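Structure first, then comments.
The values are calculated or read from the model by the stated rules, or taken from the named source; none is laboratory data. Source: prediction; values computed, not measured. Positions of Cβ are backbone-derived with ideal geometry, glycine not excepted, and every protein chain shown enters the neighbour counts. Areas reflect the complete protein model, heavy atoms only, side chains present, ligands, DNA and RNA absent. Shrake-Rupley method; radii C 1.70, N 1.55, O 1.52, S 1.80 Å.
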Amino acid sequence: MEFLTDLLTETKIPVGRTARQVFDWLRTHAAPIFDVIAGALDWLIYGFQSLLEVPHPLVFTAGAVLLAWVMQRRVSVCVLVGAGLLFILNQDYWDETMQSLTLVLSAGVVCMAVGVPIGIAVAHRPRLYSWIKPVLDLMQTLPSFVYLIPAIVFFGIGMVPGLIATVIFVLPAPIRQTHLGITSTPTELIEAGRAFGATPRQLLWKVELPSARPQIMAGLNQTIMLSLSMVVIAALVGASGLGVPVVRALNTVNTALGFESGLVIVVVAIVLDRMLSIRRPK
């Protein structure tokens, strides 16, 4: 038995060495591609950050309450959104919250823009979904800290590597939810559409997507929540936001700072969850 153990340890599969060689090759030969991606993501981050930081905090709060009313039509949700944002302002974490929302919204746009089309494609191609399902499982089960390594290698430090790591971690959610929504479309609706002479594109836009809307919205909700859960990890690679005071509190064992910033993250999560929850018809 010891002989077999020694044999296995001496013939170690070069997983780490192979990964390093792949990263080195990509960094050498694909640098222009990474520069283009970084530039596009920088533009997206700057746009959202400018949009969120321009209004006065009270004006932003009023707009968020109005948006909550338009989306949910419930006074309780509006009160919760307003109270949550005023609490953040009271705790003096407004700028950090806007920076975290920038990362969350940017990740949401990228994930939904990529994930929904992929979900539609794999819903119509079961064999393709069976091939990418292990990849999705790997993306969700691999420790999120691991994503920071290639993000730093290819994009340096700052908001962009934090966004890249967040997108990789969150992307399976909209893909799975879109796939579930499309494949759950009632057969009767599809047959009725075909009976009226609908083309595949018309079936997608007029039958499948409307039927899958609750699942797609659930995917958006999951995307936002999972992105928010990455703000602390993204702070480790230089991303600004609410993760910075959490990391600082951890390094200095500052319980007051850690509890304040952690509670603000919880409030932001509750506010976003209530605003994006699917409104049930009465």
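Can you compute the label reach from residue 256? Point 7 Å from Cα along the Cβ direction, backbone N cut-off under 17 Å, restricted to the range 88-131. Under 17 Å, as judged by backbone N against the label point of residue 256, lie 90-93 of the range 88-131. Direction-averaged projected area, Cα convex hull, the range 70-206: 12.2 nm², rounded to one decimal. Measuring between their Cα centroids, the range 206-229 and the range 231-250 lie 27 Å from each other. Multiplying the residue separation of residue 31 and residue 273 by 0.36 nm and removing their Cα-Cα distance gives an extension gain of 83.3 nm. Taken along the Cα-to-beta-carbon direction at a fixed 7 Å, the label points for residue 54 and residue 145 span 4.0 nm. Using C-alpha pairs under 8 Å with a sequence gap of at least 6, the mean separation divided by the residue count of the chain gives a relative contact order of 23 percent. Solvent-accessible area of the chain (1.4 angstrom probe, protein heavy atoms only): carbon and sulfur portion equals 68 percent. Think of a 1.4 Å ball rolled over the protein heavy atoms: the chain then has 58 Å² of accessible area per residue.
Sorted on the mean count of surrounding Cβ atoms within 10 Å across their residues, most packed first, peptides 225-238, 262-275 read 225-238, 262-275. Relative to one another, the C-alpha centroids of the range 147-200 and the range 92-122 are positioned 12 Å apart.
Rounded to the nearest 500, the 222 nm mean residue ellipticity of the chain from helices alone is -26500 deg cm²/dmol, with -39,500 (n - 2.57) taken per DSSP H run of at least 4 residues.
Taking the Cα centre of the chain as the origin, how large is its charge dipole in debye, to the nearest 20, when only Lys and Arg (+1) and Asp and Glu (-1) carry charge on their Cβ atoms? List each step's numbers first, then the result.
Values: 19 positive and 16 negative charges, 226 e Å.
Charge dipole, the chain, about its Cα centre: 1080 debye, nearest 20.
Note that the range 197-202 has calculated 3J(HN,Hα) couplings of x, 6, 7, x, 5, 5 Hz, one per residue in order, obtained from phi through the Karplus relation 6.51 cos²θ - 1.76 cosθ + 1.60 (θ = phi - 60°); glycine and proline are x. Computed from label points 7 Å out along Cα-Cβ, the spacing between residue 86 and residue 18 is 5.9 nm.
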